[in-house]
Amino acid sequence: MKKFLNLGLQPLANSYITRNKLNHKEKKFKLIVGFNPKNYLVSILNTIPKEKMFNDKYPYKSSESLTMKKSFKDLSVEIKKKFKPNLILEIGSNDGAFIKNFKKNCVIGVEPCKNLAKITRDKGYKTFSEYWDVSLAKKISKKKKIDVIYSANTLSHIENFSEIFKAVNLSLSDKGILILEDPSLLECIKNVAYDQFYCEHIYVFSAIALKKILDKFNFEIFDIQNTKTHGGSNRYFIKRKKNSFYKLNPNVLKNIVVEKKNGLHKFSTYKRFANKVLLSKKRLIQVVKKIKKNKKRIIGYGATAKSCTVLNYCKINDKQIDFFYDTTSYKISKFLPGSKIEVKKYKKLKKNVTDYVFLGAWNFKKEIFKKERDFIKSGGKFITHIPYPKII
Ligand code: TMP
């Protein structure tokens, strides 16, 4: 593994702090990112035990965003039409934004975060509050094999691929397929989106890296869709190599060619990326400094895990950003890890509240700008750091 980026000491990104623990020492870890020239995988070097991150207080809910809800709904329509599955399973079903698009008797959720699993179970969806592994796969698929396994923004959180793919192989029906969706490394590099790296995002995948991993487990990608969610993601359609039911879509080769053209197989690309990250940090600090020099207020919008990386890396805290607005009930009245900026219950933006808004949830820019068009019309400004720090 060749290191190329050091994002400094970081707290656990989703460990929001309650007011009574504000003075407690936070656990921090070194956020260093590396590239493996053999299998092209880009990953963080120091991983945190999963039980510390995915517990019964997991704050992130997919249904908080209209963009995500729509994306899952559209995909469910496509899955029903194209693959006509009798049984679907989602690994990392979160609060049910995907599974709720299917009939209750033909979908299963797997969600280790107990608070989230409870949401879908209470609504009558079969949900296993466990980590996806071989023993769970055996238990679930004993009577009936699964036709489609879907997993969005979850494989990037899991260190041990071997267990995952063995469990998938065990539980899929003969024609069964796996659909994986995760942020695209190409988009991350192009947008200098270094905040895709945090404790939970162990990997940011490229098609060329995923191809190599799948090869080891006798799986292969037969189609790739480039989606706009989470700042640009790839949706990989995967089958067993021996399953000849699905033809190879030319999109797969197209993606591989584009990734290689952009140098995702070369270490030098990542060194250049690291230099751009440094520049991005310098510029963001300058932008914020200038606003504060003019005695203007900045608040944040979308207390994302990604913001945690940016704020801690750029050493921006509650001296510069007064508070963050967020719609997630669990985050409200707590404080962002490291930077200790308070999260307040979302209110429509108003110019008399603030002049500048740091866009933590830049991946929902379109949705947010639509929602806040009155603020923008009245002269309110957003600060974004993607693809480079600027005021819009
Ligand atoms: P994510 O980038 O990790 O998906 O997190 C998005 C966060 O932004 C989540 O905490 C919800 C919040 N959010 C808002 O507060 N308002 C919005 O309009 C949107 C789209 C997200």
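The values are calculated or read from the model by the stated rules, or taken from the named source; none is laboratory data. Bear in mind the structure is a predicted one, so any value in this text is a computation, not a measurement. Using ideal geometry, Cβ is built from the backbone for each residue, glycine included, and neighbour counts are taken over all protein chains shown. Side chains are part of the model used for accessible areas, which takes the heavy atoms of the whole protein and leaves out ligands, DNA and RNA. Shrake-Rupley method; radii C 1.70, N 1.55, O 1.52, S 1.80 Å.
Counting only protein heavy atoms and a probe of 1.4 Å, the accessible surface of segment 122-278 is 52% carbon and sulfur. Averaging 1/r across all pairs of distinct Cα atoms in segment 336-392 and inverting the result yields a Kirkwood radius of 12.2 Å. With no solvent and one point per C-alpha, what does the Debye sum give as log10 I(q)/I(0) for the chain at q = 0.07, 0.08, 0.11 Å⁻¹? After summing over all Cα pairs, the log10 values are -0.32, -0.42, -0.80. Subtracting the Cα-Cα distance of Leu66 and Lys27 from their residue separation scaled by 0.36 nm leaves 10.7 nm. Less than 14 Å Cβ to Cβ from Ser156, Lys/Arg counted +1 and Asp/Glu -1: what total charge do the surrounding residues give? For residues surrounding Ser156, the net value is -3.
Other residues within the sphere of radius under 11 Å centred on the Cβ of Gly263, judged by their own Cβ, net out at +4 (K and R +1, D and E -1).
Put simply, the convex hull of the Cα atoms in segment 42-264 casts, on average, a shadow of 11.6 nm². Note on Glu159 and Asn275: the extension gain reaches 39.0 nm, defined as 0.36 nm multiplied by sequence separation minus the Cα-Cα distance.
Between Ser378 and Asn20, what is the FRET efficiency for a Förster distance of 56 Å, r being their Cβ-Cβ separation, to the nearest 0.05? Step by step, r from the Cβ atoms, then E = 0.90. Spacing of the modelled spin labels on Ser333 and Lys241, each 7 Å from Cα toward Cβ, amounts to 5.6 nm.
A probe of 1.4 angstrom, applied to the heavy atoms of all protein chains, finds Ile189 with accessible area near 20 square angstrom. Inter-label distance, Ile392 to Leu9: 3.5 nm, where each label sits 7 Å from its Cα along the C-beta direction.
Note on Tyr60: accessible area is roughly 70 Å² with a 1.4 Å probe, heavy atoms of protein only.
With θ taken as phi - 60° and the Karplus curve 6.51 cos²θ - 1.76 cosθ + 1.60 applied, the whole-hertz 3J(HN,Hα) list for segment 378-387 is 7, x, x, 10, 9, 10, 10, 10, 10, x Hz, x standing for glycine and proline.
Over 29 Å apart at the Cα level, from the set Lys3/Lys73; Lys100/Lys306; Lys145/Lys228, are Lys3/Lys73; Lys145/Lys228.
Near Tyr131: Cβ cut-off under 13 Å, other residues only, Lys/Arg at +1 and Asp/Glu at -1. The net charge is -3. Here is how the number arises for the chain: DSSP H runs of 4 or more residues each give -39500 (n - 2.57), the sum is divided by the residue count, and the result at 222 nm is -9500 deg cm²/dmol. Here the calculated FRET efficiency for Glu130 and Lys84, from their Cβ-Cβ distance with R0 = 22 Å, stands at 0.20, rounded to the nearest 0.05. Say R0 is 30 Å: what FRET efficiency, to the nearest 0.05, do Lys190 and Glu51 get from their beta-carbon distance? Approximately 0.30, to the nearest 0.05. Cross-linked pairs Lys289/Lys334; Lys82/Lys371; Lys239/Lys390: Cα-Cα separations exceed 32 Å for Lys82/Lys371; Lys239/Lys390.
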